[in-house]
Each structure stands twice: as structure tokens, then as C-alpha cells.
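First up is the structure itself, then whatever we jot down about it.
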Amino acid sequence: LVRGDPLPAGKMDAIIVLSGGITADDLMVPQSLDRLLKGIELIKEGRGSVLVLSTEKSARAGRAVNDSADQARVLALTGVGVPVLYIDSATSTRDEAMRVKRLPERLSWKRIAVVTSPLHSSRACATFERAGFVVTCIASSSRDRAIKNLDTPGDRLLAFQGWVYECAGWMKYRWAGWV
């Protein structure tokens, strides 16, 4: 399930960082932070001209929550020196791909990188490719589960849960024609 493409020579037109969840305290969950940090790393290395962030908004116990302020704090700390575009309220990876496709700046984009969690990388990048993008797939680090070293039963259980989730996601996306 893990897809990590080699970085192409030169600069990509955009680095797309997918969202991964939000807490009731308006904070990114660890996988969202992992993805954002990887996207910032690519920008700092001069690999992209534009950073596109997917933000989360939802209602919890009748209260609106969103991770925009948390993303802004991380961006301010890191001093990203490229334009930052936002897509919001996407409810699926497919929604994210379609919203990125509708961005006006996308008209001249030839090459993009999609940054997401390791177990989600294959399906996410296939979804963006199906939407018409030429994708370099970048798997972020993972703070919420071990991916490379499954030494304990707990590590293996978390990896198995992720595998089951992604298998179900692949079935749904294939059935819908999204990959």
C-alpha cells in the first residue's frame, strides 16, 4: 500500500498536502501534522512553487472546529516562502482531488506532488491520477503507527487496522470509478 515515487529533477508546480483529521480542540491529528511537515520540507528544499493545503472543518457537539489556525501556526514557525492555497471541507480524498482540480492556478500545472500518510499513499495518488494529474507520490512519516518496524503486537495490530481500512477504501474507490 505504501507508494513513494522518486523525486523528479527540478521543481514541481505544486505540493499538495492532504488532510488527515482534526481533534475537538481545533488541532491537526498526528498524521495531518506529519503530512504538513513533509510538504514544508519539500518546499524548503525548493521542490515546489506552490503549497496547497487541505483544511478540515467539522461540527463536534454542536460546535464548529477547524484546523486552519493550527496549520497557520506551523507555517509561521517554518517560514514557508511560497504562495499557499487552501481547499477546505473536503470529505474524502476524491473531494480533495476534485477541489484541487478546480483551483484556477491549476491550469498551468504540469507536475504535482501529493503528500499523504504511507498506508494512504497508493490510493490517494491513484485518485489524483484518475482526476487527470501527473503525480509524484510522497509518503510522509508516521507518528501514529509504525510502518517499517513492526516489532510489537501493538505495532502489528495498528498496521493491520490501517491495511483493512485501505483495502476497504480501495474497494469503495474502484466501485465508484475514482481510481
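Give the Rg/Rh ratio for the stretch 1-105, taking Rg as the radius of gyration of the Cα atoms and Rh as the Kirkwood radius, to two decimals.
Expressed as Rg/Rh, it is 0.97.
Quick one: which of 89-100, 14-25 comes out on top by average Cβ neighbours within 10 Å, and what's the full order, highest first?
Packing proxy ranking, top to bottom: 14-25, 89-100.
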Highest average packing first - 30-37, 45-52, Cβ atoms within 10 Å: 30-37, 45-52
Accessible surface, the chain, averaged per residue in Å² (probe 1.4 Å): 50 Å²
To the nearest 20 debye, what charge dipole does the chain have about its Cα centre, counting +1 at the Cβ of each Lys and Arg and -1 at the Cβ of each Asp and Glu? 480 debye
Two-site label geometry, ARG73 and THR23: point separation in nm, points 7 Å out along Cα→Cβ: 0.9 nm
Put +1 on the Cβ of each Lys and Arg and -1 on the Cβ of each Asp and Glu in the chain; which of SER108, THR91, SER19 then has its Cα farthest toward the positive end of the dipole? SER108
Identify which of the listed values of Cα Rg over 2.2 N^0.38 Å was calculated from the structure shown: [x] 1.00; [y] 1.17; [z] 1.91. [x]
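Once you have a ≥ b ≥ c as the square roots of the Cα gyration tensor eigenvalues for the stretch 71-147, tell me rounded if a/c is under 1.5, and otherwise prolate or oblate according to whether a/b is larger than b/c.
It is oblate, given that a/c is not under 1.5 and a/b is not larger than b/c.
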Of the heavy-atom accessible surface of the stretch 1-141 (probe 1.4 angstrom), what whole percent is carbon and sulfur? 53 percent
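The values are calculated or read from the model by the stated rules, or taken from the named source; none is laboratory data. Just so it is clear, the structure is predicted and the values come from calculations on it, not from any experiment. Here Cβ is always computed from backbone atoms with ideal geometry, including for glycine, and neighbour counts include all displayed protein chains. We work out accessible area using only protein heavy atoms, side chains counted, and drop any ligands, DNA or RNA first. Shrake-Rupley method; radii C 1.70, N 1.55, O 1.52, S 1.80 Å.
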